[in-house]
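Here's the structure, in structure tokens; my notes come after.
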Amino acid sequence: MAEIIWGFGTSHVPSIGAAMDHGKTQTPYWKALFDSYAPARQWMAEHRPDVVVIVYNDHANAVDLDLVPTFALGTAESYEVADEGWGRRPVPPVIGAPELSEHLVRELVDDSFDIATFNRLDTDHGLTVPLSVYCPDPGEAWPCTVVPLLVNVIQYPQPTAARCHALGKALGRAIRSFPQDLKVAVFGTGGMSHQLAGARAGLINTEFDRMFLQTIETDPEKLAALTREDYIREAGTEGIEMIMWLVMRGALSDDITRVHETYHVPASNTAVGAALFEDHGGKAAA
């Protein structure tokens with residue numbers, strides 16, 4: 001049976017990928033952030049998964065406002081890297097895990113989640129930046145296959161935090177019921193606090209971000225109880241992306257250990273956070 005071995009919450013700020021692509025990670029502006037990733041990267045390299053499920057949102061690169069699924073899952077054999085307006089990132093294409101994807105779609109639908117499916121999907125920085133944070137030097141291929149799980153955090157009404165946490169729990173059950181012996185990691189991406197437009201453009205709420213980083217380990221139900229309006233008021237219009245971390249946390253068991261955490265302000269005009277958890281109860285009960 002498949003086993004969830006760790007979960008990783010991380011910001012997916014596009015400029016992080018650009019700093020890596022253009023060799024700027026050790027410049028004065030970026031060095032502290034990238035140095036802070038080092039312990040997590042070393043640990044993840046020593047605990048390598050076969051496949052990662054990456055929970056992220058598309059930024060109008062593969063999904064426009066003509067059709068916005070609340071939750072969607074990629075089922076393709078591979079995914080091209082999107083051209084977001086300045087050329088594709090110089091990273092490998094993303095290789096899918098279609099058998100696992102199809103299993104997850106079926107199990108989630110049977111668990112009362114209406115999941116849209118993408119049989120073709122270009123992946124943008126929401127997915128490729130977290131992969132780069134995990135593996136900065138992939139060479140010709142990423143070290144794992146990938147299941148993309150997309151969440152609508154762009155168009156109102158977004159799913160509630162509670163619904164995302166419930167999806168995570170269903171996702172965890174579905175992964176653990178997959179009959180092949182696979183080691184699986186789950187990424188929750190987005191955030192932390194930031195707002196890109198309007199009167200509060202540039203908002204960063206460090207107090208809320210640090211509370212979130214602590215509470216997602218110890219009391220995720222508290223975060224799941226917050227409304228859309230709570231997230232937007234406290235973390236900014238784009239800070240609602242933090243609900244995607246709750247999908248990751250819901251997929252993990254209650255028996256977890258925090259391996260590493262980092263928090264950095266700013267990257268571009270956003271707060272950046274990362275939290276890595278080892279899951280000691282990642283297998284299904286016999």
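The values are calculated or read from the model by the stated rules, or taken from the named source; none is laboratory data. Computed from a prediction, not measured in an experiment: that's the story for all the values here. Using ideal geometry, Cβ is built from the backbone for each residue, glycine included, and neighbour counts are taken over all protein chains shown.
Okay, residues lined up against (1) under 22 Å from residue 8 (Cα atoms); (2) at pLDDT 95 or above:
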position	(1), (2)
85	no, no
101	yes, yes
115	no, yes
135	yes, yes
143	yes, yes
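If you go through the range 255-263 one residue at a time, do you hit one that is outside any strand (DSSP E or B), crowded, with 20+ Cβ neighbours inside 10 Å and not basic (Lys, Arg)?
Among the residues of the range 255-263, not one is outside any strand (DSSP E or B), crowded, with 20+ Cβ neighbours inside 10 Å and not basic (Lys, Arg), which makes the answer no.
Would the range 61-79 turn up any residue that is in contact with an Asp or Glu (Cβ under 7 Å, 6 or more places away or on another chain), within 22 Å of residue 9 (Cα to Cα) and among the polar types (S, T, N, Q)?
No, because not a single residue in the range 61-79 is in contact with an Asp or Glu (Cβ under 7 Å, 6 or more places away or on another chain), within 22 Å of residue 9 (Cα to Cα) and among the polar types (S, T, N, Q).
Where residues in the range 91-130 are in contact with a strand residue (DSSP E or B) (Cβ under 7 Å, 6 or more places away or on another chain) and part of a helix (DSSP H, G or I), which of them is surrounded by the fewest Cβ atoms within 10 Å (Cβ to Cβ)?
It comes out as 105.
List the pairs whose first member sits in the range 173-193 and is under 30 Å from residue 235 (Cβ atoms), whose second member is assigned to a loop (DSSP other than H, G, I, E, B) and hydrophobic (A, V, I, L, M, F, W, C), and whose Cβ atoms are under 6 Å apart, counting only residues at least 6 apart or on separate chains?
175/2; 184/2; 193/204
Condition first: β-branched (Val, Ile, Thr) and under 23 Å from residue 67 (Cβ atoms). Can you find one or more residues in the range 110-120 that meet it?
Yes, that holds for at least one residue.
Which ones in the range 213-262 are touching a strand residue (DSSP E or B) at 6+ places or on another chain (Cβ under 9 Å) and among the basic types (Lys, Arg)?
Scanning the range 213-262 gives 249, 258.
Name the pairs whose Cβ atoms lie under 6 Å apart, with the first residue in the range 57-74 and farther than 15 Å from residue 127 by Cβ and free of Cβ contacts under 8 Å to residues at least 40 places away in the same chain, the second of a type in the set (Gly, Ala, Ser) and in a loop (DSSP other than H, G, I, E, B), and 6 or more positions between them or separate chains?
none
Restricting attention to the range 264-286, report how many residues are over 19 Å from the mean Cα position of the chain (by Cα) and either in a helix (DSSP H, G or I) or within 23 Å of residue 184 (Cβ to Cβ) (or both).
Looking only at that region, the number is 6.
Show the residue pairs that are 6+ apart or on different chains and have beta-carbon atoms under 6 Å apart, the first residue being within the range 105-134 and under 12 Å from residue 62 (Cβ atoms), the second being surrounded by fewer than 15 Cβ atoms within 10 Å (Cβ to Cβ).
Correct list of pairs: 122/80.
Tell me which residues, restricted to the range 1-41, are β-branched (Val, Ile, Thr) and either out of contact with any Phe, Trp or Tyr (no Cβ under 9 Å at 6 or more places or on another chain) or farther than 30 Å from residue 177 by Cα (or both).
4, 5, 13, 16, 25, 27
Give the residues of the range 166-212 that are at pLDDT below 95 and under 19 Å from residue 252 (Cβ atoms), sorted by residue number.
Residue satisfying the conditions is 191 alone.
If you go through the range 51-59 one residue at a time, do you hit one that is surrounded by 15 or more Cβ atoms within 10 Å (Cβ to Cβ), assigned to a loop (DSSP other than H, G, I, E, B), among the aromatic types (Phe, Trp, Tyr) and touching a helix residue (DSSP H, G or I) at 6+ places or on another chain (Cβ under 8 Å)?
No: the range 51-59 contains no residue that is surrounded by 15 or more Cβ atoms within 10 Å (Cβ to Cβ), assigned to a loop (DSSP other than H, G, I, E, B), among the aromatic types (Phe, Trp, Tyr) and touching a helix residue (DSSP H, G or I) at 6+ places or on another chain (Cβ under 8 Å).
Could you go through the range 21-36 and let me know if any residue there is under 22 Å from residue 145 (Cβ atoms) and either buried (at least 16 other Cβ atoms within 10 Å of the Cβ) or in contact (Cβ under 8 Å) with a residue 24 or more places away in the chain (or both).
No, the range 21-36 contains no residue that is under 22 Å from residue 145 (Cβ atoms) and either buried (at least 16 other Cβ atoms within 10 Å of the Cβ) or in contact (Cβ under 8 Å) with a residue 24 or more places away in the chain (or both).
Return yes or no: is residue 149 modelled with pLDDT of 95 or more, of a type in the set (A, V, I, L, M, F, W, C), in a loop (DSSP other than H, G, I, E, B) and surrounded by 24 or more Cβ atoms within 10 Å (Cβ to Cβ)?
Criteria not met by residue 149.
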